[in-house]
Amino acid sequence: MVRLTKYTITALLSTLIGISANAADSISDFSLIDAEGRFFQLSRHANQDAIVILAYDNDSRDARRAVADLANMAEQYVEQPVEFLVINSTDIVDKAVMHEEAEDEGISFRILMDDTQLVAKELGISRAAEVVVIDPKPRKVVYRGALSRRYAKGTRSQRNAGSYVGEALTALLAGQDVPTSALASRGDTLDFAAKTANLESVSYSNDIAPILENRCVTCHREGGIAPFAMNNHQMVQGWSPMIRETLITKRMPPGQIDNAYVNDFHGVNQITAGEIQKLVLWIDGGSINTTGIDPLAALNIKPAKWLNGTPDVVIDIPAQQIPATGVQDYRHIVLPLELEEDIWVKAIEFEAGDPTVLHHIIAFSFGPDGMNEFEILNQGIGLGAYAPGNELNLYPENSGYPLKAGSGLFLQMHYTTSGKEAIDASQIGLYLWDEEPERTILGGSAADLDINISPFSTKEMVATKKFRKDSYLTMLGPHMHYRGSDANFKLRYSDGREEELLNVPNYQFNWQKTYDFIDPLFVPAGTELVFRGTFDNTEMNPSNPDPSKTLTWGEQSWQEMFFGFFRYVEASDGE
Ligand code: HEC
């Protein structure tokens, strides 16, 4: 008797019926932004029993019909931990366009924008209307193929009989092996750059090293805040699997904002879809340096002290001792300035004492009447902020930040440990106007102090602030604590029209970023600034220290806050 091995059986079956699914393919975790600008990370959905993803392409009739069939099918699973999603890996990368299309087609699923097309590749999707079923806990694709007989290759069936995905779900939910009798999907081939990209066209010295230098080396250098230095090819090669993971999950560079807004603000950490494609292609090809030239090894980074020239006032922050290990609470430092007269700050710069441990500083000010933490928080975010690569804070032309005689600074400082004890003696440099400038930097916030978030739940909050006079908006700074998971700012004009200004899809308490507009934005009187954010107090939020707590407003990091800080100048000022 001839015994077929498992391999020959699979091979035989695939040739017979053309299965494209290689059951139980392991996939890496990934993150994508959806067409509404919200963040999706696979590992944060590991509490689902199944995740179904359909490849959408508006040009494909099959895909449009399949979405409707999937919607019918999803109705049977509303009571079950099954999540249905659509992925767009086509060249439509504009969320607004996709959003409109979704409305026209009546698509009610979340649409994940696979702008690098790397997730389609990871999932093994190659055709429009193709469906994958993922078992999210072990992160395995357990089914890949046609949604139903109607979409299968080689069939002309118009009936929607025989839902392969339904069979796969039934098996998965019952803890059984997923049947492999499905047919491959017939839909139009998705041709995407990531799939057809050619490794030969990417070289370490010409492509990879310059990307890393631009996007990563500010922090990933000797003496930088990041845990390893990208200072030669071997180092990068060794860290490659980890680099791939951080790119696909959008964890690095840290504090990313929606790509649509990266050019509107100073000092945003970002990386383009094309750059991610190149890096991942190169890593998947073995992270090889074919030319032998190593631009990263040749880099000589010695950050200049005082980028803006010698400051008018240098303030020494009292030296801080940082232990070798352990999570550091935020430190708050009150620094009276002993000013005898009012001054006008033109710019503020931070000089990190020990950049291996200093994570960020936010410099608030307080007035001659002394410290009132609430007032401080409500004034806007103060003078400026430090983060690696963001030392200098410049205000718009002809404007200054007033510091009155008798006032002082209130610093929020965040440290991370580096494995070695450290002492950080950072400095602040103030650049002053000789005379009162035409415009005064003002601050404010769209805030809601009435916070009440139940254990194991998510909650969306919205706060607004109306501009009474024509103004120019110069800075935005979302502020929540550990449960803050996304945030965005919009303007709502008096005619009701809304315009989004900034979207932070994966808000991280650890990266308290403030966003200075490159060109201050004119805001007519009567316009409202709308700050929206989501708190994720579930166990699926990796930053959540304790999902069983009810959260109310409070200054401590185990409590919550909801501040949409902003800075502005009045338009009539100086006229
Ligand atoms: C603004 C500073 C900064 C920039 C820019 C930055 N990193 Fe990081 N990176 C960090 C810090 C800090 C850590 C330590 C982990 C953390 O705090 O999230 C880190 C950790 C990492 C890790 C290790 C992950 C782990 O789990 O330990 C990798 C890999 C990495 N970064 C890759 C990159 C790549 C690739 C880029 C550029 C595309 C980049 N980083 C840009 C600061 C930065």
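The values are calculated or read from the model by the stated rules, or taken from the named source; none is laboratory data. If you're wondering where the values come from, they're calculated on a predicted model, not measured in any experiment. All Cβ positions, even for glycine, are placed from backbone atoms using ideal geometry, and neighbour counts span all protein chains on display. Heads up: the accessible areas ignore ligands, DNA and RNA and are worked out on the full protein's heavy atoms, side chains in. Shrake-Rupley method; radii C 1.70, N 1.55, O 1.52, S 1.80 Å.
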Give me a comma-separated list of calculated 3J(HN,Hα) values for the range 306-311, in order, Karplus coefficients 6.51, -1.76, 1.60 applied at θ = phi - 60°, integers in Hz, x for any Gly or Pro. 6, 4, 9, x, 5, x
SASA check, ILE343, accessible area w/ 1.4 Å probe, all protein chains in place, rounded to nearest 10 Å², comes out at 20
So how strong a dipole does the range 197-298 carry about its Cα centre when Lys and Arg Cβ are +1 and Asp and Glu Cβ are -1, to the nearest 20 debye? 200
What dipole magnitude, in Debye to the nearest 20, does the chain give about its Cα centre under +1 on Lys/Arg Cβ and -1 on Asp/Glu Cβ? 2860
Using Stokes-Einstein with the Kirkwood hydrodynamic radius over Cα pairs, what translational diffusion coefficient do you get for the range 20-190 at 37 °C and a viscosity of 0.692 mPa s, in µm²/s rounded to a whole number? 209
What accessible area per residue comes out for the chain, rounded to a whole number of Å², with a 1.4 Å probe? 45
For ASP546 and THR246 in one chain, what is 0.36 nm times their gap in residues minus the Cα-Cα distance, to one decimal in nm? 105.5 nm
Per q in 0.18 Å⁻¹, report the Debye log10 I(q)/I(0) for the range 442-570, using one uniform scatterer on each alpha carbon and no solvent. -0.90
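Report, for the chain, the % of DSSP beta bridges that are antiparallel, rounded to 5.
For the chain, the DSSP antiparallel bridge percentage is about 90.
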Please list, in chain and number order, the residues 5+ apart from GLY484 or on another chain whose amide H is under 5 Å from its amide H, with Hs placed from the backbone. ASP536
Just tell me which lysines come within less than 25 Å, Cα to Cα, of LYS420; anything on the same chain fewer than 8 places away is out. LYS302, LYS305
Farthest towards the positive end of the dipole of the chain, among ASN390, VAL523, ALA324 and with Cβ unit charges of +1 on Lys and Arg and -1 on Asp and Glu, lies the Cα of ALA324
Quick query: amide H of PHE265 versus all other amide H atoms, modeled in the peptide plane; which residues come in under 5 Å with a sequence gap of 5 or more or a different chain? ILE518
Only loop residues by DSSP count here, and only those with at most 11 other Cβ atoms within 10 Å; note down the GluC sites (Glu not before Pro) in the range 45-132 that meet that. GLU79
With a cut-off of 8 Å between alpha carbons and a minimum separation of six or more residues, what is the relative contact order of the chain in percent? 13
Sequence order, the range 330-340: Karplus ³J(HN,Hα) from phi using 6.51 cos²θ - 1.76 cosθ + 1.60, θ = phi - 60°, Hz rounded, Gly and Pro as x, gives 4, 10, 10, 10, 9, 10, x, 9, 6, 7, 8
Over its alpha-carbon atoms, the chain yields an Rg and a Dmax in Å of 26.7, 101
Run lengths n ≥ 4 of DSSP H only: what is the helix-derived mean residue ellipticity at 222 nm for the chain, with -39500 (n - 2.57) per run over all residues, to the nearest 500? -5000 deg cm²/dmol
The ³J(HN,Hα) series, computed from each phi in the range 119-126 with the Karplus coefficients 6.51, -1.76 and 1.60 at θ = phi - 60°, rounded to the nearest Hz and given as x for glycine or proline, is 6, 4, 5, 4, 7, x, 7, 10
Where the Cα atoms of the range 313-439 are projected onto their three principal axes, how long is each span, largest first, in whole Å? 48, 28, 24
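Can you check what the net charge comes to around ASP49, using other residues whose Cβ is under 13 Å from the Cβ of ASP49 (Lys, Arg +1; Asp, Glu -1)?
Values: positive: LYS137, LYS140; negative: GLU79, GLU83, ASP135.
With Lys, Arg at +1 and Asp, Glu at -1, the net is -1.
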FRET efficiency, 1/(1 + (r/R0)^6) with R0 35 Å, evaluated for THR290 and THR538 via beta carbons: 0.15
What is the set of long-range amide H partners of ILE87 at a cut-off below 5 Å, with H atoms built 1.01 Å from backbone N? LEU54, ALA55, TYR56, LEU112
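How long are the semi-axes of the ellipsoid equivalent to the range 373-474, from square roots of 5 times the Cα gyration tensor eigenvalues, in whole Å, largest first?
28, 26, 13
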For the residue pair GLN176 and HIS266, what label-to-label distance in nm results when each label sits 7 Å from Cα along the Cα-to-beta-carbon direction? 6.4
Would you work out what percent of the accessible area of the chain, with all protein chains in place, is carbon or sulfur (probe 1.4 Å)? 48
